[in-house]
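Below is one structure, written out as structure tokens, with a few remarks after it.
Just so you know, all these numbers are worked out from the coordinates, no wet-lab data involved. Since the model is a prediction, treat every value here as computed from it, not as a measurement. Here the Cβ positions follow ideal geometry from the backbone for every residue, glycine too, while neighbour counts run over all protein chains shown.
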Amino acid sequence: MQECCLLEMTAAPVTQLTPHLHDISITSLTSTAMKSAGTIVVLAEALITGVMLKKVSVEALRCLTIAYASALTEHADVRD
């Protein structure tokens, strides 16, 4: 599996235009032979809360990247 990269972004001031994403569920997903397992990244100043990966199975060359989010998993497997 390819090494995962760490993302660093500088937070900007929060304004009325700053999006606030929350309670996002990905359920019963199976994927094989992928180049990348996926990316969930938002603004450093507006974390995603409540990301749930449930019954997810992914085979990929590159890892799943989650940045600036709180995520929970249940029966999730991401591998090469």
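Charges were assigned to the Cβ only: +1 to each Lys and Arg, -1 to each Asp and Glu. The resulting dipole of the chain about its Cα centre is roughly 180 debye.
For the range 30-35, backbone phi angles converted through the Karplus equation (6.51, -1.76, 1.60; θ = phi - 60°) give residue-by-residue couplings of 10, 9, 10, 6, 9, 6 Hz, Gly and Pro being listed as x.
Annotation: amide H of M52 within the under-5 Å range of I24, S25, I26, L72, sequence separation 5 or more or interchain, hydrogens built in the peptide plane. Give, as a single signed number, the net charge of other residues whose beta carbon lies under 14 Å from the beta carbon of H75, with Lys and Arg counted +1 and Asp and Glu -1. Taking every Cβ under 14 Å from that of H75, the sum is +1. Close amide H pairs (under 5 Å, H built 1.01 Å from N) link A76 with K55, V56, residues at least 5 positions away or on another chain.
GNM remark for the chain: springs join alpha carbons under 10 Å apart, and the peak mean-square fluctuation among V56, V14, V42 falls on V14.
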